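Just below is one structure, and these are the notes that go with it.
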Amino acid sequence: MLEQANVHNQTRGPRRRMPTGLDQETQQESKAIDLALLDRWQHDFPLVPHPFQVIASELGLREREVLERFQTLLANNAISRIGAILAPNTVGASTLAAVSVEKVDLDEAVRLINMEHGVNHNYERDHAVNLWFVVTATDEAELDASLARISSRLGKDVFDLRLERPFHLDLGFSIAGRPEDSLVKRRLRPANASMIEPDDREVLAALQDGLPLVFRPFHEIGRHAGRSEADVLARLERLSQAGVIRRFGVVVKHRTLGFGANAMVVFDIADEDVDAVGERLSHVPGVTLCYRRRRASGWPFNLYCMVHARSRAQAEPVIERLKRLTGLTRRDMTVLFSTRCFRQRGPLLGAKQRDSGS
């Protein structure tokens, strides 16, 4: 029964298919409902004991149908989870890292990188520096150790491109149409990390794979974290208000949903100009992420913009506008489109990782 088991133990098998025999109008209505679930609940997911009942009431559905639809979306790789997107470096530490690998060695390099438990994203991009991954850890010391292990396994230096300042960090754009038509820029409030309590890590760790798709998911999270349902909800609400949780909601798989052109546009901007330029670029329609990162020896870029589009042709106008806006201030730039995704999941927030190769 749906209320008795976590969806993650049920839906990792073959992808589910639309039942045959449905007329076209019914299929279109079903797709519209799924789109509403994906678009509406990327933000402001109900932090209440019966969240799927609230969603069902808004859409005129039954609670069980909402659960089953989210279950199917997860099984079909349209979403990765429903859960918390955390402000960087508030609960633990993280960095964007990159390395240049010969094509013939790529698969082995991916395996060696993904052996590290804290790697939660890993992409190939069409550039000489072709493997890009995010490493998370419980603290800065463990992050340094994790990067050192990866570098040792690869026998290569790894670029450590730590976040210095975010300007826009919200991938929760509408998947209906183009991001530049529908993206709503939300004010990026500074995160108040002083609001984090010692036991919050257990709650967030229980959430790292996403909410269980059951009628009372926060009760289930509390059971795993040793907290009451009311306490879990109160802490999540408090962390959201403090900006530690940037958003709580559906985390979609953009590539699965047709956004196959993911471009990382990087600029070398003079240090005295980079913050002003970053603020300006963060408001460009079609820019889905924008942040300043630390330079590295051999990698001079300090300003990053992400552009998600359904095709490179749709991404190019956004990239051209970025070029124009940085024309007088940039010293260099490059565009890196992703070509393959090897890992995409939420940050791991469990106990400190041991050097076990896991």
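Each peptide among 96-106, 195-205 gets the average number of other Cβ atoms lying within 10 Å of its residues, and from highest to lowest they stand as 195-205, 96-106. Dividing the alpha-carbon radius of gyration of segment 18-94 by the rule-of-thumb value 2.2 N^0.38 Å gives 1.31. Take the Kirkwood radius over Cα pairs of segment 201-307, plug it into Stokes-Einstein at 10 °C and 1.306 mPa s, and you get 93 µm²/s for translational diffusion. Normalised per residue, the accessible area of the chain is 46 Å², obtained with a 1.4 Å probe and no contribution from ligands, DNA or RNA.
How about Lys31: which aspartates and glutamates have a C-alpha closer than 16 Å to its C-alpha, ignoring those fewer than 8 places off in the same chain? Qualifying aspartates and glutamates at Cα under 16 Å: Asp23, Asp39, Glu65, Glu68.
What number, rounded to the nearest 500 deg cm²/dmol, is the helix-based mean residue ellipticity at 222 nm of the chain, given -39500 (n - 2.57) per DSSP H run of at least four residues and division by all its residues?
Helix contribution divided over all residues of the chain: -10000 deg cm²/dmol.
Size descriptors for the chain (Cα atoms only): Rg and Dmax, in that order, 20.7, 63 Å.
Quick one: helix 24-40 against the long Cα principal axis of the chain, what's the angle to the nearest 10°, folded into 0 to 90? Taking the Cα atoms of the chain, the angle to 24-40 is about 60 degrees. Computing the accessible area with a 1.4 Å probe over protein heavy atoms, can you report the carbon and sulfur percentage for segment 186-305? Of all accessible area on segment 186-305, carbon and sulfur atoms account for 47 percent.
When the Kirkwood radius is taken over all Cα pairs of segment 55-134, what Stokes-Einstein diffusion coefficient follows at 37 °C and 0.692 mPa s, in µm²/s? Present the calculation step by step, with values, prior to reporting the outcome.
On the way: Rh = 15.9 Å.
Answer, rounded: 207 µm²/s.
The values are calculated or read from the model by the stated rules, or taken from the named source; none is laboratory data. Please read these numbers as outputs of a predicted model, since none were measured by experiment. Please note: Cβ atoms are built from the backbone with ideal geometry, for glycine as well, and neighbour counts cover all protein chains shown. When the accessible area is computed, the model is the full protein with side chains, heavy atoms only, and any ligands, DNA or RNA have been set aside. Shrake-Rupley method; radii C 1.70, N 1.55, O 1.52, S 1.80 Å.
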